[in-house]
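Notes follow once the structure below has been shown.
Laboratory data are not the source of any read-out in this text; all were calculated from the coordinates shown. The structure displayed is predicted, hence computed values, not measured ones. Quick reminder, even Gly has a Cβ in these numbers, built from the backbone with ideal geometry, and neighbours come from all protein chains shown.
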Amino acid sequence: MNIGKLAAALQSGQVQGINIITHSGLNRYAVQVLPAGKAPFLLLTDNQKPCFWQSLGQLQATLRRRGIVPPTLKVTVAQDEVIGR
C-alpha cells in the first residue's frame, strides 16, 4: 500500500491504525500499517519499496498533508527487554 491509498484505507476500516517506527542509529523513519486481521507491513513507495523519511517532522508533515493525523512516536529499545529493564 502506498501513501495515496492510506487515508482511504483508514477511513474505510481496512486499516486499524499506523505506527511510526525507527531503528536506532539509522536516522530514518517509516510508517508501519496495521491492517484489520492481517500482519503489519511498511508503507511503500509507488515502486513497491519501503518509504523512509529523514526526520520525524518531515514524516508527520507528509501525513498531515494527506489528512492523516500522525500518531505519537513510541520508542522500544530491544536491548532493554533482553536485559530486563
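Length available on full extension from Arg66 to Gln54: 0.36 nm per residue minus the Cα-Cα distance, which gives 2.5 nm.
Based on Cα contacts under 8 Å between residues 6+ apart, segment 12-79 shows a relative contact order of 29 percent. Our helix-only sum for the chain, with -39,500 (n - 2.57) per DSSP H run of n ≥ 4 divided by its residues, gives a mean residue ellipticity at 222 nm of -8500 deg cm²/dmol. When each of the peptides 27-33, 2-8 is scored by how many other beta carbons lie within 10 Å of its residues on average, the order from highest to lowest is 27-33, 2-8.
Its Kirkwood hydrodynamic radius, worked out from the mean inverse distance over all distinct Cα pairs, puts the chain at 13.7 Å.
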